[in-house]
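To start, the structure itself, in structure tokens.
Just so you know, all these numbers are worked out from the coordinates, no wet-lab data involved. Computed from a prediction, not measured in an experiment: that's the story for all the values here. Here the Cβ positions follow ideal geometry from the backbone for every residue, glycine too, while neighbour counts run over all protein chains shown.
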Amino acid sequence: MKVWQCSICKYIHKGENPPEKCPVCGADASKFVEINKAPMPEKPIKKETPAVKSGIDRPEKKEVPGPAPAIKETGFEKIKSLLLKHHAHPISVHSPNGILPVVVLLWLMAWVFDSDLFPRVAFINMIFVVVSLPFVIFTGVLEWKKKYNAALTIIFKLKIMAATLTIISCTISLIWYLIDPQIISSPKAWVFILVNIIMLIAVGIAGHIGGKLVFKD
Ligand SMILES: [Zn+2]
């Protein structure tokens, strides 16, 4: 079986022919490059390392064209390139992805145990998430534009919807708690919990798609 790689977004496709359209960035078949006729290596072979064993017929890995080199990067553009190069989005996204499940668990515990402590801890954790969100969104949009040509394929439509739902439900919870700090002890607590569960599902979907894009499987 042949292995093809999208030269735009690095999506890997296995099959006799490249796909008609890249399911990630929407590029057409002509943008696909056959990368290896043998089974995929775990890690890409560094081209500057000479093969230790010579004389063995091993298909050479073809060069996959990378992004065009930027001309004279200054100021803000330079910062954006550095953020992309050092994976600022997958790193910063650990804040909402890691903290929000704990927040929801704390709200559930506050609801079940009717404690004063849990709502306060949940609220403080939520503040950390809300503070990190502008950076997470900024780096996410940057990555989407630069690495995927701002493609509006199904995968990105879903990701944008999930991220938007996360932001909306997180903001609603935070403001709701600020207006009514006793919400979790009130009869409307179930609605509040529902908003939080929606937030948890949305952040899970956004994270799952992000993982698929990063690990390419
Ligand atoms: Zn692609």
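Treat the count of other C-beta atoms within 10 Å as a stand-in for reagent exposure and order Met126, Met199, Met1, Met161 from fewest to most.
On the way: Met126 23, Met199 27, Met1 8, Met161 13.
By the 10 Å Cβ count, ascending: Met1, Met161, Met126, Met199.
Compute for segment 129-217: radius of gyration divided by Kirkwood radius, i.e. Rg/Rh, restricted to C-alpha atoms, rounded to two decimals.
On the way: Rg = 15.4 Å, Rh = 14.3 Å.
Ratio of gyration radius to Kirkwood radius for segment 129-217: 1.07.
When the gyration tensor of segment 62-217 is built from Cα positions, what are the square roots of 5 times its three eigenvalues, in whole Å, from largest to smallest?
The three semi-axes for segment 62-217 are 36, 16, 12 Å.
Count the lysine pairs in segment 111-217 whose Cα atoms lie under 14 Å apart, taking only pairs 8 or more positions apart in sequence or on different chains.
4
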